[in-house]
Amino acid sequence: MWKEIGDRESGKLRPNSFINRIRSNRASSLQLSNHKEIVSSHRGSINSLQVDLTEGRYLLSGASDASLAIYDIQRATDYEAAGLIAKHNPILVDKQHPNGHKYAVSTAIWYPIDTGLFVTGSYDHHIKVWDTNTTQVVMDFKMPGKVYRTAMSSLATSHMLIAAATEDVQVRLCDMASGAFAHTLSGHRDGVMAVEWSNSSEWILMTGGCDGAIRFWDIRRAGCFSVLDQSHSQLGRRPPLVDQSTAKASTSKTRALQRKVGSGSSSKHSGNSKIFKHTKGSAKQRLHPGLLTSQDRATAHYGAVLGLKATEDGMYLLSAGSDSRLRLWDIQSGCNTLVHYEIVRLQSSKALQLAVTQDSGIVFLPCMTSVKAFDMWSGKSMMTLQGHYENINCCCYSTHDQELYTGGNDRQILVWSPLKLISDDMDECDRRIGQLPAVDEDSWSD
């Protein structure tokens, strides 16, 4: 760290590079926090965690006892051990609301642009929109089956759609503006357990089903436009773009051929129609690969797709499957990048919530009773975070504090933070109580 500070002082590092390097160093040194504790109020396994996208201050959690809780992770409610450990009690707890969920809450997400609303989905076949200030349900959507995951686009300015992944084969989009279903996306052959909006377009939706398929949808048109195939691969990152001169030459040749065919005699009309049909068919194949039989049955995993997570730049997609595989996909080309991640054991009964750092350098994957941290581009296992007594269901990374929050079947929410020295804690404690640190003294020497 001191080397980075020296390089920044001498001007060798630009401000953005310095910030990214410090964030990366903090993220790679995560360990169980010794200065922050979240007091869980849940009496069931924790299935979902999310920090709000506006302030990075409030943590929303949902559990299998149909309870919800909100924690202020920036301001502690109590201190222990002479002020060294900050305890965060829930500022909002909803356990037995008359209009609340009857069964386990499987997903809980914030409204992307305001903390005044949040959305929950449950095994009771309902998706509810809540008013945070009044703790009241303002909207209710009845789904055809258990709700596994919900998602809202953080880029959307033209719609207020909630994408719902349920045990039904169809993906439904709930419109918060009208209170009705806006779209029904058909294509999966089994229940859908993962859903994720693109970080580069507000119209692109990505879904993963129990049939092992990952489908890409443009909600402005009918049908999915791409189905990921694990055998369609490329080595490493995105390949270079095609040279424009070559593309222009091929385009000019195609136009010349079309003019030549168009000016042909009437005796060749039948042949020309065949060529036109072939060209039209190839264009259809290029525009709608997800509608073709051969590509429609492509699979991304040899089992159910349990979780999806897009990188912050919107260029890559991570997927975890019940085949104990973690795969990295190039979104533009739809190729499997062949990054070899360690084979880990994943629980297949629940949808998993993955987490990625802001610079897309580290991916966190819940693996039974531990969380594995992988280098995204090399696939190397960087660290294993162990602290839960039972299986872990979800993890959420806070870009504001570079902290990781995990929840599991042991009903606990653990905080993983960068290494913090005890001397720093003492200084903070002294500043908080307005006292100077005492000088070390002994009572036995003269």
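Take the Cβ-Cβ distance between Glu312 and Ala177 as r, set R0 to 30 Å, and report the resulting FRET efficiency rounded to the nearest 0.05. Intermediate values should be presented prior to the final figure.
Values: r = 27 Å, r/R0 = 0.90.
For Glu312 and Ala177, the calculated efficiency is 0.65.
Test of understanding: ordering His183, His388 by Cβ neighbours within 10 Å, fewest first, what list do you get?
His183, His388
Which net charge results for the neighbourhood of Tyr389, defined as the other residues with beta-carbon distances under 13 angstrom from its beta-carbon, given Lys and Arg at +1 and Asp and Glu at -1?
That sum, taken over residues with Cβ under 13 Å, equals -1.
Search the structure for amide H atoms under 5 Å from the amide H of Ala63, placed 1.01 Å from N in the peptide plane, and list their residues when 5 or more places away or on another chain.
Under 5 Å from the amide H of Ala63: Asn47, Val105.
Report the net charge of residues surrounding Glu342, where surrounding means a beta-carbon distance below 15 angstrom and charges are Lys +1, Arg +1, Asp -1, Glu -1. Mind showing how you got there, number by number?
Working: positive: Arg325, Arg327, Arg345, Lys372, Lys380; negative: Asp323, Asp375.
Combined, the nearby Lys, Arg, Asp and Glu give +3.
Could you compute the FRET efficiency for Gln347 and Thr157, with r as their C-beta to C-beta distance and R0 at 35 Å, rounded to 0.05?
0.40
Whose amide H sits under 5 Å from the amide H of Leu354, counting only residues 5 or more places off or on another chain, with H placed in the peptide plane?
Leu308
How many angstrom lie between the C-alpha centres of region 147-213 and region 38-60?
Centre-to-centre (Cα) distance: 22 Å.
Ranking Val169, Val93, Val105 by Cβ neighbours within 10 Å, fewest first, what do you get?
In increasing order of surrounding Cβ atoms, one gets Val93, Val169, Val105.
Are there trypsin sites (Lys or Arg not before Pro) in region 46-139 that DSSP puts in a loop and that have at most 16 other Cβ atoms within 10 Å, and which ones? Walk me through the numbers on the way to the answer.
Working: sites: Arg57, Arg75, Lys87, Lys95, Lys102, Lys128; in loops: Arg57, Arg75, Lys95, Lys102.
Passing sites in region 46-139 are Arg57, Arg75, Lys95, Lys102.
Going by C-beta contacts inside 10 Å, put Ser381, Ser322 in order with the fewest on the left.
Working: Ser381 13, Ser322 19.
Exposure proxy ranking, most exposed first: Ser381, Ser322.
Can you check what the net charge comes to around Cys210, using other residues whose Cβ is under 10 Å from the Cβ of Cys210 (Lys, Arg +1; Asp, Glu -1)? Before the final figure, lay out the partial values.
On the way: positive: Arg189; negative: Glu167, Asp190, Asp211.
Every neighbour counted, the sum reads -2.
Mark the label point 7 Å from the Cα of Gln96 along Cα→Cβ and return the residues of region 105-143 whose backbone N is within less than 18 Å of it.
105
Long-range amide H contacts for Ser233: which residues qualify at under 5 Å (H placed 1.01 Å from N, peptide plane, sequence gap of 5 or more or a different chain)?
HN-HN under 5 Å from Ser233: Asn336.
Pairs of alpha-carbon atoms within less than 8 angstrom and 6+ residues apart define the contacts here; what relative contact order does region 65-200 have, in percent? Present the calculation step by step, with values, prior to reporting the outcome.
Numbers: 312 pairs, mean separation 20.6, N = 136.
Taking the mean separation of contacting Cα pairs over the length of region 65-200, I get 15 percent.
Could you pull out the chymotrypsin sites (Phe, Trp or Tyr not before Pro) across region 47-120 that fall in loop regions by DSSP (anything but H, G, I, E, B) with no more than 15 other Cβ atoms inside 10 Å?
Qualifying residues, ordered by number: Tyr103.
Restricting to DSSP loop positions (anything but H, G, I, E, B) with no more than 15 other Cβ atoms inside 10 Å of their own Cβ, which GluC sites (Glu not before Pro) remain in region 34-125?
Loop-located and lightly packed - Glu55.
For region 73-97 and region 376-405, what is the separation of their C-alpha centers, rounded to whole Å?
The two parts, judged by their Cα centres, are 22 Å apart.
State, as an integer percentage, the relative contact order of region 70-135 based on alpha-carbon contacts under 8 Å between residues 6 or more apart. Walk me through the numbers on the way to the answer.
Values: 89 pairs, mean separation 13.9, N = 66.
It comes to 21 percent, rounded to a whole number.
Go through region 301-307 residue by residue and turn each phi into a ³J(HN,Hα) via Karplus (6.51, -1.76, 1.60, θ = phi - 60°); whole Hz please, and just put x for glycine and proline.
9, 8, x, 5, 7, 8, x
Taken together, the values in this text are just the output of simple stated rules run on the coordinates, not laboratory data. This is a predicted model, so every value here is computed, not measured. All Cβ positions, glycine included, derive from the backbone under ideal geometry; neighbour counts span all protein chains shown.
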